[in-house]
Amino acid sequence: MPKRIPKNELDAVQQAVAGFPAGAGIEELSNMLSVQLSRRTLLRRLALLVEQKRIIVEGRARASRYRLTAITGDGHEQQTSQKIAGRGEIYVPLSSGGEEIRQAVCQPVQLRRPVGYNRDFLYAYRPNETFYLPSEMRERLYEMGRSSEGHSPAGTYVRQIFNRLLIDLSWNSSRLEGNTYSLLETELLLELGDAAIGKDMLETQMILNHKAAIELLVEQAEETGFNHYTILNLHALLSDNLLGDSQACGRLRSIPVGIAGTVYRPLAVPQLVEECFRRILETASEIGNPFEQVFFVMVHLPYLQPFEDVNNRVARLAANIPLIRRNLCPLSFVDVPERAYIDGILAIYELNRVELLCDVFVWAYQRSCARYSAVQQSLGEPDPFRLKHREQIKEFVAGVVRDCLDKRGAVNWISGKATAEISGDDYSRFVEIIETELSCLHEGNIARYRLRPVEFKTWKQSWC
């Protein structure tokens, strides 16, 4: 009989690979494994994971590099990304259905047919019979997202990474709303209460509201769920001090709403809004698979628009409820391109098609799993933008460290230097990369910036 391969070894190897979104060689993976494997055994495990299509190998022999397989909405591997012209932003890999829908929603508004809310789209869904995510995809997402705390009380895993998640999810969710706070400015606000100079107070309030809402999900992990209490209170926290009518916080809307940039018109009758809202919560609660739950909520809460405003923020945070409760890796929307996310939501609004948003979701979850892996090295992925600015990235990171700048000083220094040296189209993306690299800097990767250990240790005292 063939020798049975321990599942924990395969999972450990896949987790190590997940920590290197750009791909890693055998030596890098060996150093980061959470289990002890000989080089020969590690090579066999990697070969099996490649055979199972859980990872990809590029190159040959000693030049081989391994990275996670990108999952797309039609269940096929997709290794290419599309660059959004003029924005330095990479579009997510798309399935054939996702690409078809992207082209449809990118047509001028005048060419798209006006539509209203389709109640059949919601009512035709049957929990545990209807699935937006294919079976193979659900299984692979679970393998990526599961933690060693699977049988522990709800919220055990997320509490271990809470400080990082709080910053990541607050910043990324706010960024998808057009918030201009940088990653470091968000960190300063949440850790020290320092509002960024020159930013609109609404942006500051938005981030602080995310903090309060995330704390609710984590602190009350065992009580939260797809019920009125959780969703209404999420809305109340996320919309605090942001709505013209303070009485609308935590209440279903009683007025019609419109959405800019789309031909979709949400329901206008309050009784129907309440009925569909109740149906969404009941349906979500009955879904057994946590990833199907996540995606169902990402689809139907924005589509209904149950609140006067802040609907998408509620959906993004509510999507984390089953992940937190089951001690799975949370979804922080790290690196998600704003354009891809908007296109996915537009496809739900106007076409009731889920494929594009599905592509965005599974790609985003892969990135989140890599972010929170214990062997995470950086969030970066090789792309033309990083290649173009590789020397400047090294120069900026090294400059912050050698000048022993603290977080507040780094924000101002990076902004000023980037304004002078980086073109307008590349500025925002470049600053984000620098701030992310600084957050991920540790003794094991300082050599790439030509830094000495003594320089790093001296800077770290100022940075904390």
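Quick note: the coordinates plus some simple rules give every number you see, no bench work behind them. Worth saying up front: this structure is predicted, and the values here are computed from it rather than measured. In this analysis, Cβ positions are derived from the backbone assuming ideal geometry, glycine residues included, and neighbour counts consider all displayed protein chains.
Before moving on, here are some points about what is shown:
- Each residue, His228 and Leu202, gets one label point 7 Å from its Cα in the Cβ direction; the gap between the two is 3.1 nm.
- Computed helical MRE - 222 nm, the chain, DSSP H runs ≥ 4 contributing -39500 (n - 2.57), nearest 500: -17000 deg cm²/dmol
- Förster-model FRET efficiency, 56 Å R0, Arg164 and Val115, C-beta, rounded to 0.05: 0.90
- Segments 174-185, 384-395, 346-357 sorted - mean Cβ within 10 Å per residue, highest first: 346-357, 174-185, 384-395
- Packing-based order for 321-328, 222-229, using average beta carbon neighbours within 10 Å, highest first: 321-328, 222-229
- Positive-pole candidate from Gln205, Gly178, Leu323, dipole of the chain, charges at beta carbon: Leu323
- Available extension along the chain between Leu272 and Glu219 is 15.8 nm, counting 0.36 nm per residue and deducting the alpha carbon span.
- Candidate values (i) -0.55, -0.69; (ii) -0.61, -0.76; (iii) -0.71, -0.81, label of the one derived for log10 I(q)/I(0) by the Debye sum over Cα atoms at q = 0.09, 0.10 Å⁻¹: (ii)
- Nearest-20 debye value, region 7-68 charge dipole, Cβ charges on Lys, Arg, Asp, Glu: 200 debye
- Once backbone amide H atoms are built at 1.01 Å from N, Leu328 has no partners under 5 Å, excluding neighbours fewer than 5 places away on the same chain.
- Residue-by-residue Karplus 3J(HN,Hα) for region 266-274, coefficients 6.51, -1.76, 1.60, Hz, glycine and proline x: x, 3, 10, 8, x, 5, 6, 4, 5
- Taking θ as phi - 60° and the Karplus parameters 6.51, -1.76 and 1.60, the scalar couplings of region 281-292 work out to 5, 5, 5, 4, 5, 8, 6, x, 7, x, 6, 5 Hz in sequence order, x denoting glycine and proline.
- Protection proxy ranking, highest mean first, for peptides 448-460, 303-315: 303-315, 448-460, where packing is the per-residue count of other beta-carbon atoms within 10 Å, averaged.
- Between Val115 and Tyr264, Arg265, the built amide H atoms are under 5 Å apart, and every one of these is 5 or more places off in sequence or on another chain.
- Gain on full extension, evaluated as 0.36 nm per residue between His151 and Tyr427 minus their Cα-Cα distance, stands at 94.9 nm.
- Close amide H pairs (under 5 Å, H built 1.01 Å from N) link Ile55 with Val50, Thr69, residues at least 5 positions away or on another chain.
- Region 37-45 - phi-based ³J(HN,Hα) in whole Hz, Karplus 6.51/-1.76/1.60, Gly and Pro as x: 9, 5, 4, 5, 5, 4, 4, 5, 5
- When +1 charges are put on Lys and Arg Cβ atoms and -1 charges on Asp and Glu Cβ atoms, the dipole computed for the chain relative to its Cα centre reaches about 1460 debye.
- The orientation-averaged projected area of the convex hull spanned by the Cα atoms of region 322-464 comes to 10.7 nm².
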